[in-house]
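A short worksheet on the structure shown next.
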2 protein chains.
Amino acid sequence: METRPTHEVNFDLRRSFGSNLKSGFKETFFPDDPFRRITGKMSVSRRTRNVLEYLFPIVQWLPNYDLKKFRYDLLAGVTIASLAVPQGISYARLAHLPPIVGLYASFIPPLIYTILGSSKSVAVGTVATASILLASIVGEKVSPVDSPQLYLHLVFTSAFFSGIFETALGFFRLGMLVDFLSRSTIIGFMGGTAIIIILQQLKGILGLKHLSANTDVISVLHSVFTQTNQWTWQSAVLGIFFICFLLLTRFLKNKKPKLFWVSAMSPLAVVIFGGLFAYLVNGDDHGIETVGPLKKGLNPLSIGDLIFNSQYLMTAIKAGIMTGFIALAEGIAVGRSLAMLNNDDIDGNKEMMAFGLMNIVGSFTSCYLTTAPFSKSAVNHNAGCKTAMSNFVMSICMMIVLLFLAPYFRYTPLVALSAIIVVAMIGLIHYDEAIEIFKLDKFDFFICMSAFFGVIFISMDVGILLSVFLGIVRTLLYVARPSTYKLGKLHNTSIYRDIEQYPNCSTIEGIIVLQIGSPIFFPNASYLRERITRWIQEEAGFDQNFIQYVILDIGGVTSIDNTGMEMLNDLGKSLKKKNIKFVLSNPKIDVMEKIKMSKLMKTITKQWIFLTVDEAVTTCHFSLGKVDPMCIIVGDGTKEVE
Amino acid sequence: METRPTHEVNFDLRRSFGSNLKSGFKETFFPDDPFRRITGKMSVSRRTRNVLEYLFPIVQWLPNYDLKKFRYDLLAGVTIASLAVPQGISYARLAHLPPIVGLYASFIPPLIYTILGSSKSVAVGTVATASILLASIVGEKVSPVDSPQLYLHLVFTSAFFSGIFETALGFFRLGMLVDFLSRSTIIGFMGGTAIIIILQQLKGILGLKHLSANTDVISVLHSVFTQTNQWTWQSAVLGIFFICFLLLTRFLKNKKPKLFWVSAMSPLAVVIFGGLFAYLVNGDDHGIETVGPLKKGLNPLSIGDLIFNSQYLMTAIKAGIMTGFIALAEGIAVGRSLAMLNNDDIDGNKEMMAFGLMNIVGSFTSCYLTTAPFSKSAVNHNAGCKTAMSNFVMSICMMIVLLFLAPYFRYTPLVALSAIIVVAMIGLIHYDEAIEIFKLDKFDFFICMSAFFGVIFISMDVGILLSVFLGIVRTLLYVARPSTYKLGKLHNTSIYRDIEQYPNCSTIEGIIVLQIGSPIFFPNASYLRERITRWIQEEAGFDQNFIQYVILDIGGVTSIDNTGMEMLNDLGKSLKKKNIKFVLSNPKIDVMEKIKMSKLMKTITKQWIFLTVDEAVTTCHFSLGKVDPMCIIVGDGTKEVE
């Protein structure tokens, strides 16, 4: 039997501090390696072109653009424009803004996105969740009913801060912050928001004049059922009819995906039909309220309306950051999902800057927060868009609407808008995903439900912050309580695996093999020391001299900090006092570099650090004079002699 | 060549939700398994006894206590009492409290600790860092000079909240929170605090009447050097003499550890000698200020003095929690280090409850915050204490001091106290450890320095909070940017290792083996997808069809959440579109359970999940029809035919 293995741990590798720092910095902030375009051998013109292509993705696709692609983009652009009109008006109402502001938001921002956007399928527009969140934060400070002008300007200001925030996140490569909104949080938040938005629509559908200012379920239902005398049946009948029609077209689309355009056009159809109907029957006199006058004309400049007055500044910043963050999370998620369907990649940080600049320019031109709404982008993708040109087409359509058609939308019944919102929101309740989460991971489900119930019963910001907080707590718990395993050997192999997972693994008397599967650092160092000590105590039972070797497989330890090194060193010294040999196996590159430089190297010594668990066990086994080297204990406790 | 390995992944294992939850809960909150004492077969009386032993550790050691042990504890108790008098008076002055309060703190709290403490070597007392932090937080709200009574009562109230907070942490098993104060933070914080405390002593040594209320270096030095006319040389000479004497005794102790008692007794010697000197030369008239009158008598009750008035409540709670946390961190760290020297273990959560109850009772009896100071506990350990009885002995000594000797300490010169503090603080500046941290880990050093410079140049709470915040950011960065490795095979083995670490590993054309060494969950899921995609792109170069198999070794993935599962599933689907086979190897138990239940199982299918990388590679290699199965590429790019 050989006592030293053929392959040893590579202690000679030496990486300089500079290269370590550089690679760490790069992985943290530039995981997509954007500089590969301008490094290496290339001409100045090529380099300039690459930089331009990076900064303005339009430079990349426009030179190869042709009529064939335009045909697809034209169709997609017109389709999303038909969705933009009713959605724009509806969501502006959700945000307590004049309906025309919703139309403005689909004119200027898509132009910016066409130039800067890196996604092929994303369609720009306003979203329901951010609209209602904006209304709830800004509405707390300024009433949209009492001072509509101030409220409007505050909303523009918060869009400006959203833009600054999003641009900064992208510029400083902090895209990873968005990752802290987990899928579970987003699903819970969207579901909860959808429900409170649907409840808000009871106002439009039942033809009520007032509704509770609070968004939680209890306030809204209380408000609705204390005004039963104000319910108007005409409005309700029309609302239910529209909802059924919209659901039917969606059902059709699900059955025959090629008919997606029926579903995409149906909101516009509802608006047009509803408007005609209200015009003909003189709806306002029969309990069917309409949108009211809409001014013709393009976006007025609003750069002078931004409010940087200290009284309102904090509200604008809070609203800007929170809604910007939510909008960004939705936009990035939509961009990523669609890119995946296209077998394509998008650059998160660049998208953030595109969204940010779009919102800054938007806030100067009477637009409120825009992002990439899921529904519109999915329709855009289904309609076969090839490039960001479809956004340009939509923008042109909206220009025509703003210049010539806007006044005709004055007859749109509010109930039609409510019906459109209700059906859109039903699509955001992913109960099937929630069930899947429940099956897979109870803590994730808890995070999801905390967002859901937080939004429904308290308020939207509390719901999302609570859920993000729980997510971070969970992250820290993961880190503070890493898994440890006791390993055993699979028969006739040199493979060591967790004995809980592979119960017929065998172990050797006097040698315990433990595995740590996580970086060792300050939040978990003392837990790990206690846990390892407990593994040893449990193994030893009452016989203090039972264990002679502790082999720690640190192949899963990808990094270690100063507290962790100190812990291993302390552990080694305390085992030494108990006459137990402390052995390490398979240190990873970062860990090995630190062990080399530390006191631990003296405590353990090089020859007790092995490349594999099997080599460590073989060597320990050979050194174990007392025990018959061939006698091993099988998992269930019976002895076996090979 | 066999295509299926002999050992397969164990998919049959089934753990119930209940048992998973239970084990997760236990590892998180009860890693020390305290209930093992009362489960299993044992009589009721045995069980009661075990519970009593758990709650009151004194029940455990008192029955076996004998005179031989008492001799050691008596010596240790007297030694630490001799340290308690000067330290108590000095630290009370640091906290701007009447000197007698410092003596009270060494009478009642040690009694409580004797009953509840689980450490053998810990000695109870006040600490410099928490004292000055307390003064800086409470002093911001209430001036100790203008309203000393209110200030004193607020300090008692904050000790009460410290106690409640510490007890709650222990009771709810949240001891892990203390782990978030990393070694680097503590070393930086202690070093910074030591420096500002030493600077504060310039007041006593130079005989100044007033000093800046701010603790930062610049304010203090400015204050000292603008009052040069007030410096008194008598005081300065005496101060330097005392400092030299104390440093000499410490030097002696370091040379001959057996003479530790010389160093331990020296502060008392300085106090007594200084007092005699001041009495004889009538020091107060010659620029040598003294402590002033001290009342005889035991701790008066202060339970009625606690202030729960809303005006001061938040300050008391903030001061209580922050100082309690710092004191706890020092106490637990001291307890752990000494336990390790004794080859012993202490129970962190139980210690927290002991400290907490000690502070609650203390706040009722005119004591301020106490914990286990490092200096006193180390002296206790060196003096050979055997049980917590040494605290009882110290308490009795203090009772005698309070009842009979207190008035004699009125002549203690302030400069003597300052000298004692300066020398104690010099011992807290661990510059050697800071150098070690710098060598091992630059980010850790940055965390350490942020605490150090934050404390020195801004304020103590900013320093520590900044450092803890950076520590948590680092934790989240670790989590958000886990390491990934490309693996290769070591010659003539079935061992796969990181090709950066082992450059002569060989890889096979068309197969890329990647390894993830961290849990996969929402903060890192999209980074991992991007990183894996980039590995594949880098490997493939311009030839899209180059790679046919991606083997992902997830042996280091100890857990996975819903976002992570979704990411793996998306990755599998997107690879499938590119005609690349996605293969997994070595799923850990938690991950395997989730894969079994998820959509991923359908995307990958059971037969492409292997127990080891080698088996995965062998199978892929065999299926790779096109490529000569024996042709491998060696690390440096040359081909090699086996």
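Here are a few things to note about the model shown:
- Residue count for the range B:168-178, restricted to those that are surrounded by fewer than 20 Cβ atoms within 10 Å (Cβ to Cβ), of a type outside the set (A, V, I, L, M, F, W, C) and within 11 Å of chain A (Cβ to nearest Cβ): 0
- Against the test of being away from chain B (no Cβ under 14 Å), small (Gly, Ala, Ser) and under 21 Å from the mean Cα position of the chain (by Cα), the options A:Ala354, A:Ala383 yield a single qualifying residue, A:Ala354.
- Criterion (over 30 Å from B:Ser494 (Cα atoms), touching a strand residue (DSSP E or B) at 6+ places or on another chain (Cβ under 6 Å) and either at the interface with chain B (Cβ under 7 Å from one of its Cβ atoms) or surrounded by fewer than 21 Cβ atoms within 10 Å (Cβ to Cβ) (or both)) met by exactly one of A:Arg481, A:Arg531: A:Arg531
- Filter result for the condition that a residue is of a type in the set (Gly, Ala, Ser) and modelled with pLDDT under 90, over B:Ala128, B:Ala123: B:Ala128
- Of the residues screened, B:Ser119 is one that is over 22 Å from B:Tyr408 (Cβ atoms) and part of a loop (DSSP other than H, G, I, E, B).
- Tally, over the range A:485-500, of residues that are at the interface with chain B (Cβ under 9 Å from one of its Cβ atoms) and touching a strand residue (DSSP E or B) at 6+ places or on another chain (Cβ under 8 Å): 7
- Restricting the range A:606-641 to residues that are in contact with a Ser or Thr (Cβ under 9 Å, 6 or more places away or on another chain), under 21 Å from A:Glu500 (Cβ atoms) and among the charged types (D, E, K, R), the residue that is modelled with the highest pLDDT: A:Asp614
- Hey, B:Lys350 modelled with pLDDT under 95, closer than 22 Å to B:Arg93 by Cβ and among the charged types (D, E, K, R) or not: no
- Yes/no for B:Val393 being surrounded by 22 or more Cβ atoms within 10 Å (Cβ to Cβ), in contact with a Leu (Cβ under 6 Å, 6 or more places away or on another chain) and at pLDDT below 90: no
- Count of the range A:545-574 residues, restricted to those that are surrounded by fewer than 20 Cβ atoms within 10 Å (Cβ to Cβ) and either assigned to a helix (DSSP H, G or I) or facing chain B (nearest Cβ under 9 Å) (or both), is 4.
Residues checked against (1) under 24 Å from B:Leu470 (Cα atoms); (2) touching a residue at least 60 places away in the same chain (Cβ under 8 Å); (3) touching a strand residue (DSSP E or B) at 6+ places or on another chain (Cβ under 6 Å):
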residue: A:Val513; (1), (2), (3): no, yes, yes
residue: A:Ile516; (1), (2), (3): no, no, yes
residue: A:Pro519; (1), (2), (3): yes, no, no
residue: A:Asn524; (1), (2), (3): yes, no, no
residue: A:Ala540; (1), (2), (3): no, no, no
residue: A:Gln548; (1), (2), (3): no, yes, no
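- The requirement of being in contact with a Cys (Cβ under 7 Å, 6 or more places away or on another chain), assigned by TED's automatic domain parsing to the domain that holds B:Thr185 and closer than 25 Å to A:Val479 by Cβ is satisfied by B:Ile437.
- Some residue of the range A:220-233 being within 32 Å of the chain's Cα centre (by Cα) and within 30 Å of A:Ile447 (Cβ to Cβ): yes
- Cβ pairs under 6 Å, 6+ apart, first in the range B:431-448 and more than 8 Å from chain A (Cβ to nearest Cβ) and without any contact (Cβ under 8 Å) to a residue 24 or more places away in the chain, second of a type in the set (A, V, I, L, M, F, W, C) and assigned to a helix (DSSP H, G or I): B:Phe438/B:Phe445
The rows are residues; the columns are (1) closer than 28 Å to B:Arg481 by Cα; (2) within 14 Å of chain B (Cβ to nearest Cβ).
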position	(1), (2)
A:Ala95	no, no
A:Leu134	no, no
A:Lys141	no, no
A:Ser158	no, no
A:Glu166	yes, no
A:Leu181	yes, yes
A:Ile187	yes, yes
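- Residue check for A:Asp285: of a type in the set (D, E, K, R) and not in a loop (DSSP other than H, G, I, E, B): yes
- Of the residues B:Leu211, B:Leu177, B:Leu202, the single one that is more than 21 Å from B:Gly139 (Cα to Cα) and assigned by TED's automatic domain parsing to the domain that holds B:Thr290 is B:Leu177.
- Of the candidates B:Leu470, B:Leu476, B:Leu466, the single residue that is more than 10 Å from chain A (Cβ to nearest Cβ), under 16 Å from A:Leu476 (Cβ atoms) and aliphatic (A, V, I, L, M) is B:Leu470.
- The range B:501-520 - residue that is in contact with a Lys or Arg (Cβ under 8 Å, 6 or more places away or on another chain) and at the interface with chain A (Cβ under 8 Å from one of its Cβ atoms) and, of those, nearest to B:Tyr478 (Cα to Cα): B:Gly517
- Only one of the listed residues (B:Ile512, B:Ile437, B:Ile536, B:Ile472) is in a helix (DSSP H, G or I), of a type in the set (A, V, I, L, M) and buried (at least 21 other Cβ atoms within 10 Å of the Cβ). That residue is B:Ile437.
The values are calculated or read from the model by the stated rules, or taken from the named source; none is laboratory data. If you're wondering where the values come from, they're calculated on a predicted model, not measured in any experiment. Note that we place each Cβ from the backbone using ideal geometry, even for glycine, and neighbour counts take in every protein chain shown.
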